[in-house]
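Novice: Have a look at this one before I ask anything.
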Amino acid sequence: MSANGIEMNETRLERWLDRTVARATTPRGAATVIAATSLVITVATGFLMTVVDRGQFPSIGSGLWWAVQTTTTVGYGDNVPTTLAGRLLAAFVMLVGIGFLTVITAAITSTFVSRARLEPADSDAETSIAEQLRQINTRLERIEARQSGSS
C-alpha cells in the first residue's frame, strides 16, 4: 500500500475516533462507546477465530468464549489457538484490542477533564463558604474575648 493510502486510512481512523469521542461527552455516552467497542472487537474476533483455527474452535460459540476470555484478560486456557493464523489473531486481540480500548477510555476521560476545567466555578457555593467562614471567625473572636475577659 502506498504512503498516501496509509495516510488516508490514518486520517479516516482519526476522524472516526474524533466522532466517537465526541459522542461520549456524558458518562452514559462514554459507557456506551466503550461497551460497543468492546462488543464489536469481541464478536468480530470470536467469529474470525472459528474461521482461522477451525480445528480448535469448531463453533462460533467456542470462538466467542475464547474472545470473551481474551478481551477480559481472564484467559482460562481451556481453548487456545493452535494454528499460526489463530495465534496471530490472538496476538492482535491482546495487543491492539486492549490497547484500543485503553486509548478510547483515555480520550473520553480527557474530554471530561477538559470540560471540567472550562466550566466556571460555582460562585454561589464559594460565597456561601466564605460567609460561613466569616461567621465562624466572628464567633471565635467572641469566644476569645470572653476567655480573656474572665481570666
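Novice: Being at pLDDT below 90 and among the aromatic types (Phe, Trp, Tyr) is the filter here; which residues of the stretch 43-79 pass it?
Specialist: 76
Novice: Looking only at the stretch 31-84, filter to residues that are farther than 19 Å from residue 98 by Cβ and of a type in the set (Gly, Ala, Ser); which one of those is surrounded by the most Cβ atoms within 10 Å (Cβ to Cβ)?
Specialist: 62
Novice: Something else: Failed condition for residue 101, given (1) modelled with pLDDT of 75 or more; (2) closer than 26 Å to residue 21 by Cβ; (3) surrounded by 13 or more Cβ atoms within 10 Å (Cβ to Cβ), with all others met?
Specialist: (1)
Novice: Let me ask something else about it. If you go through the stretch 72-108 one residue at a time, how many are assigned to a helix (DSSP H, G or I) and either under 23 Å from residue 36 (Cα atoms) or not small (Gly, Ala, Ser) (or both)?
Specialist: Matching residues across the stretch 72-108 total 23.
The values are calculated or read from the model by the stated rules, or taken from the named source; none is laboratory data. All of these numbers come straight from a predicted model, not from anything done at the bench. Quick reminder, even Gly has a Cβ in these numbers, built from the backbone with ideal geometry, and neighbours come from all protein chains shown.
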